[in-house]
Amino acid sequence: MKQMALDLGLAPGPSLNRFFPGSNQAALEHLRLQVGEGWGMPRSPVPTYLWGETGCGKSYLLRAVAEALREQGGSVGWLDASTRFPSAFNERWSAVILDEVHFYNPVQQAAAFNWFVNATSPATGARRWVLAAGELPPSDLKLRDDLRTRLGWGEIYQLHLLTEEQRRGVLKDEAQQRGLTLPDDVMDYMLKRFSRDLGSLMQLLDHLDNFALRNKRALTIPLLKDMLETE
């Protein structure tokens, strides 16, 4: 059965508190420690790099960190593979976040290197934290040498996909917190026919919750099919 990836756009904003770590607890605790001071400034300027295959939560964690820093009054420089025209480094940034580095083109690589150098240089004032993520460890990235070596300077964490049992547990717990009953057949349908990474599944559950509430119906496979046909 062909899987479908959804872009539903109705899920709550990214949050470190909503990330289920599985075997990625060390990485999550490191990020929480960095943003836990509440001043909009990370605790340490030592760079951090997350890597792992698609669906392990790299981008979600980067967005959650950016949101946490903004909520504390900080600002971040954000660069990912969709950024066609990267801006110049801004000294007001409290952190630099580089997502999808394995996809960077030469222009993006040049901008990322410039941001990294400025963020870690005392000449621009206080050192800023650099948080980056990619699908490969730094040494295996097909990037310019000076950027690749810098991405490997600090803390490096490999992220792992959740097992199917863990995904099922997270979905069950999330449904219970919402006051919902998520039957096993509905969960089976979700896992077989949609993108299996946890972020997509949580978005699907959020959308299904809203649809069920509007239509005053329980979570069933017919309800899920109706939702996909009408929205």
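The values are calculated or read from the model by the stated rules, or taken from the named source; none is laboratory data. Worth saying up front: this structure is predicted, and the values here are computed from it rather than measured. FYI the Cβ positions are ideal-geometry reconstructions off the backbone, even for glycines, and counts take in every protein chain you see. Accessible surface areas use protein heavy atoms only, side chains included; no ligands, DNA or RNA. Shrake-Rupley method; radii C 1.70, N 1.55, O 1.52, S 1.80 Å.
What are the extents of the Cα atoms of the chain along their three principal axes, in Å, largest first?
60, 36, 32
For the chain, what does the helix formula give at 222 nm: sum of -39500 (n - 2.57) over DSSP H segments with n ≥ 4, over the residue count, nearest 500 deg cm²/dmol? Mind showing how you got there, number by number?
Values: 8 runs with 98 residues, N = 231.
Only helices count here, giving -13000 deg cm²/dmol.
Taking Cα centroids, how far is the range 120-176 from the range 178-231 in Å?
30
Over the range 116-231, what is the relative contact order in percent, taking alpha-carbon pairs closer than 8 angstrom and at least six residues apart?
Once divided by the residue count of the range 116-231, the mean separation gives 16 percent.
What ³J(HN,Hα) values, in whole Hz, does the Karplus curve 6.51 cos²θ - 1.76 cosθ + 1.60 give for the range 152-164 when θ = phi - 60°, with x put for Gly and Pro?
Each residue's phi maps through the Karplus curve to give x, 5, x, 6, 10, 10, 8, 9, 10, 5, 6, 6, 4 Hz.
First measure r as the distance between the Cβ atoms of ASP173 and ASN210, then evaluate 1/(1 + (r/R0)^6) with R0 = 22 Å and state the FRET efficiency to the nearest 0.05.
Efficiency, rounded to the nearest 0.05: 0.75.
Let me know the Kirkwood hydrodynamic radius for the range 58-113, please, with Cα pairs as the basis and the value in Å to one decimal.
11.7 Å is the Kirkwood radius here.
I need the shape label for the range 15-131. Rule: rounded when a/c is under 1.5, else prolate if a/b > b/c, else oblate, with a, b, c from the alpha carbon gyration tensor.
oblate
Per residue of the range 139-149, what does 6.51 cos²θ - 1.76 cosθ + 1.60 with θ = phi - 60° give for ³J(HN,Hα)? Whole Hz please, x for Gly and Pro, Karplus curve as stated.
Calculated HN-Hα couplings, in order: 5, 9, 6, 8, 10, 4, 4, 5, 6, 4, 5 Hz.
Over the chain, what percent of the accessible surface lies on carbon and sulfur atoms, probe 1.4 Å?
Ligands and nucleic acids excluded, carbon and sulfur give 50 percent.
What do you get for the angle between helix 58-71 and the principal long axis of the chain? Use alpha-carbon atoms, 0 to 90 degrees, nearest ten.
70
What is the distance, in nm, between label points placed 7 Å from the Cα along the Cα-to-Cβ direction at ARG193 and at SER15?
It works out to 3.0 nm between the two label points.
For a quick check, take a GNM of the chain with Cα springs below 10 Å and name the residue from GLN34, GLN109, GLN72 with the largest mean-square fluctuation.
Comparing GLN34, GLN109, GLN72 in a Gaussian network model of the chain, the most mobile one is GLN72.
Can you compute the FRET efficiency between GLU229 and ARG92 using 1/(1 + (r/R0)^6), with r the Cβ-Cβ distance and R0 = 35 Å? Round to the nearest 0.05.
0.15
Could you please put LYS58, LYS142, LYS172, LYS225 in sequence from largest to smallest accessible area, using a 1.4 Å probe?
The residues order as LYS142, LYS225, LYS172, LYS58, largest area first.
Describe numerically, in nm with one decimal, the distance between label points set 7 Å from Cα along Cα→Cβ at ASP184 and at SER121.
Once both label points are built, they end up 6.1 nm from each other.
Using modelled amide H (1.01 Å from N, peptide plane; none on Pro or chain starts), what sits under 5 Å from the amide H of ILE156, excluding residues fewer than 5 places away?
TYR49
Ignoring ligands, DNA and RNA, what accessible area per residue does the range 72-113 give at 1.4 Å, in Å²?
Counting only protein heavy atoms, the per-residue value for the range 72-113 is 48 Å².
Subtracting the Cα-Cα distance from 0.36 nm times the residue separation, let me have the gained length for TRP153 to GLU165 in nm, one decimal.
Value of the extension gain: 0.8 nm.
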